[in-house]
Amino acid sequence: MQILFLGTGTSTGVPQIGCDCAVCTQAKEPGSRNHRWRSSILVRTEKTTLLVDSCPDLHEQALRHGLRAIDAILYTHEHLDHVAGFDELRAFCWHRDTRLPLYAGTGTMKQLKRMYAWAFSEENTWKGYIHPEAHDHAGNPFVIGDIHVTPVLVQHGFVETYGYVFRHGGKSFGYVPDIKELPESSAAKLMHLDALAMDGLCYPQHRTHLTVDENIALMQRLSPKSGFITHSGHRLDYYRLADSLPDFMEPAFDGLTLEL
């Protein structure tokens, strides 16, 4: 199973518009690991390709990595930095004879159908449009191709938010890009994974996201073999952060690929 981090940034991206801080300035240099598109990942096996979230940067991400087809898309929640690239899904429907499977929790699915009603409409029969096949997982595990997926309900602001655990070939990867608190009922699903990527927005306290210190404490509790910080803002310098984390952890960066 391969995990490709398409984007590792928070809702504003890095560099942030109108900001001349040291991190945003350095992020403009070619190859900088401080450059962060909005958060999204690709989960791949030899048979199956899954996209998690359609962020506003999906067009650029797909071109950069030569992404031409996906088997399904999964959504973590309804915030715009995770859904606003919805229209780019057209490119993954052009060469399909069937609808594109779309998985989300009940609350997120309801909002997607409201925001993009034209796509879900029975009258949407035009070739070249997005033709989603809606799957409300309601927090229950499911299988896509040869990948087993377990939704993990977390607390993030005031919207229903899920992380996901992906399993294939005896390996496991957890992805929780937006979280402030982890309910006890969800913690067991994230314990002792091969790899876990989780929200780490900044150092100062934030009301809807984990700080770096909160991320480290939770990672130590959950005890994955490898831990990654993602969904980071312009207050975090990749290179300084990398030097300060425990040995089993590192910051994720755009283009990072994990082979499990």
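The values are calculated or read from the model by the stated rules, or taken from the named source; none is laboratory data. Predicted, not measured: the structure shown is a model, and the values here were computed from it. Cβ atoms come from the backbone with ideal geometry, glycine included; neighbour counts cover every protein chain shown. With ligands, DNA and RNA removed, areas are computed over all heavy atoms of the protein, side chains included. Shrake-Rupley method; radii C 1.70, N 1.55, O 1.52, S 1.80 Å.
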In segment 1-129 the DSSP beta bridges are antiparallel at a rate, in percent to nearest 5, of 60
What is the magnitude of the charge dipole of the chain about its Cα centre, with +1 placed on the Cβ of each Lys and Arg, -1 on the Cβ of each Asp and Glu, and no other charges, expressed in debye to the nearest 20?
-> 220
Give the long-range amide H neighbours of residue 256: residues separated by 5 or more places, or on another chain, with amide H under 5 Å away, using H modelled in the peptide plane at 1.01 Å from N.
-> 5
Sort 37, 94 from largest to smallest accessible area, using a 1.4 Å probe on the heavy atoms of the protein chains.
-> 94, 37
In order through segment 101-114: 3J(HN,Hα) via Karplus (6.51 cos²θ - 1.76 cosθ + 1.60), integer Hz, x for Gly, Pro = x, 10, 10, 7, x, 4, x, 5, 4, 4, 6, 4, 5, 6
Using a simple spin-label model with points 7 Å from Cα along the Cα→Cβ vector, what separation in nm is obtained for residue 257 and residue 226?
-> 1.3
Quick one: dipole size for segment 1-105, taken about the Cα centre, charges +1 on Lys/Arg Cβ and -1 on Asp/Glu Cβ, in debye to the nearest 20.
-> 260
For residue 113, solvent-accessible area (1.4 Å; no DNA, RNA or ligand), Å² = 90
Once the piece of chain linking residue 203 and residue 21 is laid out straight, how much longer is it, given 0.36 nm per residue of separation minus the C-alpha distance between them?
-> 63.9 nm
Non-local amide H neighbours of residue 100 (under 5 Å, H modeled in plane, Pro and chain starts lacking H): which ones?
-> 131, 133
Rounded to the nearest 5, the percent of antiparallel DSSP beta bridges in segment 107-231 equals 60
State the answer as a single residue: which of 120, 148, 137 lies farthest towards the positive end of the charge dipole of segment 113-155, with beta carbon charges of +1 for Lys and Arg and -1 for Asp and Glu, about the Cα centre.
-> 120
Using a 1.4 Å probe and counting only protein heavy atoms, arrange 95, 135, 59 so the residue with the most accessible area comes first.
-> 95, 59, 135
If 71, 57 are ordered by their accessible area, calculated over protein heavy atoms with a 1.4 Å probe, which sequence runs from highest to lowest?
-> 71, 57
Length-normalised contact order for the chain - Cα pairs under 8 Å, 6+ apart - percent = 20
Candidate lysines - alpha carbon under 27 Å from residue 189, same-chain residues fewer than 8 apart omitted = 47, 110, 171, 180, 225
If you average the sequence gap of Cα pairs under 8 Å that are 6 or more apart and divide by the length of segment 109-150, what percent do you get for the contact order?
-> 24
Work out from phi, with θ = phi - 60° and the Karplus expression 6.51 cos²θ - 1.76 cosθ + 1.60, the ³J(HN,Hα) of each residue of segment 176-193, listed in order in whole Hz, and give x for Gly and Pro.
-> 9, x, 10, 7, 10, 9, 10, x, 4, 5, 9, 4, 4, 6, 10, 6, 6, 7
13 Å Cα-Cα reach of residue 127 towards aspartates and glutamates, excluding residues that sit fewer than 8 places from it in its own chain = 97
Can you find, among 10, 224, 101, the residue farthest towards the positive end of the dipole of the chain? Put +1 on the C-beta of Lys and Arg, -1 on that of Asp and Glu.
-> 101
Tell me, what is the 1.4 Å probe accessible area of residue 115, in Å² to the nearest 10?
-> 60
Could you please state, rounded to a whole Å, how far the C-alpha centre of segment 29-67 is from the C-alpha centre of segment 186-243?
-> 20
Most packed first (mean Cβ within 10 Å per residue), the peptides 120-131, 227-238 order as 227-238, 120-131
